[in-house]
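Structure record follows, encoded as structure tokens.
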Amino acid sequence: MKPIEIKPNIYWVGAIDWAIRDFHGYQTPRGTTYNNYLILDAEPVLVDAVKNNFSEITLKNIKQLINPSEIKHIVINHIENDHATALDKVMELCPKAKIYLTQKGKEGLERFFDLSKWEVVVVKTGHTLISGKKTIMFIETPMMHWPDSMFTYVKEDRLLISQDAFGQHLASTQRFDDEFIDNNNEWLLEDAVWDYYANILMPFGFIIKSKIEELIKMGIEIDMIAPDHGVIWRKYPDKVIKLYLDMANGKAEEKVTIIYDTMWNSTEHMTYSIAQGVRSEGLNCKVLKLRATPLSIVITEFWKSRGTLVGAPTLNNLAFPPVMQFLDYLRGLRPKNRIMGAFGSYGWGGGAVKEINEVIRKMGIELFEPGVEVKYRPSIEDEERCYQFGKEFARRVREYHKNFTSD
Ligand code: FEO
């Protein structure tokens with residue numbers, strides 16, 4: 001592989017992981033990349049360090065530009081394993097390089113490496129490093145994605161190196177946004193941004209919003225955003241910033257997703273009529289069976305939809321476990337600005353709809369009560385109830401959606 005110049009004397013020296021399909025439980029059908037960047041100046045600076053099993057790749061990229069022993073400074077924007085675990089391999093070649101990171105970054109990295117052998121510099125927002133002709137500023141971004149996270153901003157190039165933020169799990173031969181967007185692949189790139197935000201950054205929407213506002217107040221001008229995953233925003237940095245702000249403000253499509261699982265197909269049969277009811281109101285409706293769909297895809301579809309209906313049969317007076325597993329994961333992502341409802345089948349005592357409604361209530365999500373239940377098998381009359389339920393839910397979704405003017 002070859003390094004790629006992204007700005008004068010600033011190179012992408014990262015690695016492409018074409019094969020990864022399970023990123024700590026997050027399904028990545030399109031693979032990912034571990035981006036890092038080499039700033040060539042009087043004192044060369046490496047920003048981020050990739051995942052440990054890709055150290056050979058990044059070191060080969062660096063060696064095509066300089067002898068790694070010449071690296072004087074290494075910035076660790078984020079200590080999560082995919083961006084920092086190759087650090088010891090890099091440091092073997094430039095043991096005198098100074099390492100720049102936040103206090104939380106230092107505390108975390110100490111759990112991975114013996115830092116006493118290296119020179120570590122703790123930085124805060126506004127601290128700068130002059131590498132020669134370039135002024136490199138640090139901006140703390142706690143919880144985007146971990147407490148240690150920060151951005152690195154190269155002033156002369158108006159380049160924001162943003163670690164996880166604005167990234168996408170997308171392995172590709174293209175390194176820049178316009179290589180997708182200008183070739184009518186915009187949907188793929190935007191879809192990847194939605195997917196990444198939904199599964200990684202959904203809990204931190206309010207932090208993202210305030211951090212972007214802080215950048216604006218600081219007068220940070222951005223010409224390019226270089227994240228640590230996926231493509232670099234060369235032509236459309238404003239577009240991805242706006243998309244992030246919109247998502248933080250509650251952007252979703254005026255549509256419904258039905259997420260369900262089933263034991264003997266009764267709950268599944270309910271989805272047919274409910275989906276038809278939703279559609280009769282003119283809203284798009286997607287139906288996803290949990291055990292047939294990767295969880296991260298389910299989460300993305302949930303996040304894109306203003307309304308979601310969750311369906312489960314009752315098992316031992318509770319909701320069918322795969323559905324509760326999904327709701328547990330969703331609860332951790334702390335969703336907002338969505339409306340949800342429940343439906344399901346039962347044999348005798350029931351309990352699934354009640355349990356799902358309780359979880360939705362606890363999440364603080366708008367709840368469409370009371371839901372609809374069917375005993376044993378949906379009759380023709382039950383199917384009509386399900387149809388009407390879908391129809392009424394669609395109307396509520398349309399009303400609720402009016403609260404979000406940015407859509
Ligand atoms: Fe790509 Fe939070 O690590």
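The values are calculated or read from the model by the stated rules, or taken from the named source; none is laboratory data. Because the structure is predicted, anything quoted here is derived from the model rather than measured. Cβ: placed from backbone, ideal geometry, glycine included. Neighbour counts: every protein chain shown. Remember, those area values only see protein heavy atoms, side chains included, never the ligands or the DNA or RNA. Shrake-Rupley method; radii C 1.70, N 1.55, O 1.52, S 1.80 Å.
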Gly105 within 16 Å of the ligand (Cβ to nearest atom), within 21 Å of Val13 (Cβ to Cβ) and touching an Asp or Glu at 6+ places or on another chain (Cβ under 7 Å): yes
Residue among Glu190, Glu179 that alone is open to solvent by 30 Å² or more (accessible area, probe 1.4 Å), closer than 25 Å to Arg338 by Cβ and either free of Cβ contacts under 8 Å to residues at least 24 places away in the same chain or of a type in the set (Asp, Glu) (or both): Glu190
Residue check, Met150 among the hydrophobic types (A, V, I, L, M, F, W, C), closer than 30 Å to Ile212 by Cβ and modelled with pLDDT under 95: no
Pair list, Cβ < 7 Å and 6+ apart or interchain, from region 388-407 residues that are closer than 11 Å to Val256 by Cα and open to solvent by less than 30 Å² (accessible area, probe 1.4 Å) to residues that are modelled with pLDDT of 95 or more and among the β-branched types (Val, Ile, Thr): Gly390/Ile274; Gly390/Val278; Phe393/Val256; Phe393/Val278; Ala394/Val256; Ala394/Val278; Val397/Val256; Val397/Ile339
Unique residue being without any contact (Cβ under 8 Å) to a residue 24 or more places away in the chain and among the β-branched types (Val, Ile, Thr) when the list is Thr293, Thr262, Thr271: Thr293
Members of region 10-50 that are open to solvent by 50 Å² or more (accessible area, probe 1.4 Å), without any contact (Cβ under 8 Å) to a residue 60 or more places away in the chain and of a type outside the set (Asp, Glu): Ala19, Arg21, His24
Close pairs (7 angstrom Cβ cut-off, 6 or more residues apart or separate chains): modelled with pLDDT of 95 or more in region 113-130, assigned to a loop (DSSP other than H, G, I, E, B) anywhere: Val122/Thr102; Val123/Thr102
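For region 128-143, give me each residue that is open to solvent by 10 Å² or more (accessible area, probe 1.4 Å) and β-branched (Val, Ile, Thr).
Within region 128-143, Thr128, Ile130, Thr135 meet the criteria.
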Strands (runs of 3 or more DSSP E) contained entirely in region 115-168, each with at least 1 residues that are touching a helix residue (DSSP H, G or I) at 6+ places or on another chain (Cβ under 7 Å) and over 18 Å from Leu201 (Cα atoms): 119-122, 135-140
Total residues in region 55-81, condition within 16 Å of the ligand (Cβ to nearest atom), open to solvent by less than 10 Å² (accessible area, probe 1.4 Å) and over 16 Å from Val122 (Cα atoms): 1
Region 304-321, residues that are under 19 Å from the mean Cα position of the chain (by Cα) and either modelled with pLDDT under 95 or exposed (fewer than 15 other Cβ atoms within 10 Å of the Cβ) (or both): none
Test: residue in region 210-220 that is under 16 Å from the mean Cα position of the chain (by Cα), surrounded by fewer than 22 Cβ atoms within 10 Å (Cβ to Cβ), farther than 30 Å from Asp41 by Cβ and not basic (Lys, Arg): no
Total residues in region 230-264, condition among the aliphatic types (A, V, I, L, M), assigned to a loop (DSSP other than H, G, I, E, B) and either within 16 Å of the ligand (Cβ to nearest atom) or open to solvent by 10 Å² or more (accessible area, probe 1.4 Å) (or both): 2
Residue in region 162-221 that is nearest to His78 (Cα to Cα), counting only those that are hydroxyl-bearing (Ser, Thr, Tyr) and away from the ligand (no atom under 16 Å from the Cβ): Ser210
Residue check, Arg338 modelled with pLDDT of 95 or more and either farther than 16 Å from Ala252 by Cβ or in contact with a His (Cβ under 6 Å, 6 or more places away or on another chain) (or both): no
All positions within region 146-159 that are within 16 Å of the ligand (Cβ to nearest atom) and open to solvent by less than 10 Å² (accessible area, probe 1.4 Å): Asp148, Ser149, Met150, Phe151, Thr152
Cross-chain or 6+ apart pairs with Cβ under 6 Å, region 134-155 first and at positive phi, then within 12 Å of the ligand (Cβ to nearest atom) and open to solvent by 10 Å² or more (accessible area, probe 1.4 Å): Met143/Phe204
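Table: residues versus (1) open to solvent by less than 10 Å² (accessible area, probe 1.4 Å); (2) part of a loop (DSSP other than H, G, I, E, B); (3) modelled with pLDDT of 95 or more.
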position	(1), (2), (3)
Asp228	yes, yes, yes
Thr267	yes, no, yes
Ala275	no, no, yes
Val298	yes, no, yes
Phe302	yes, no, yes
Val323	yes, no, yes
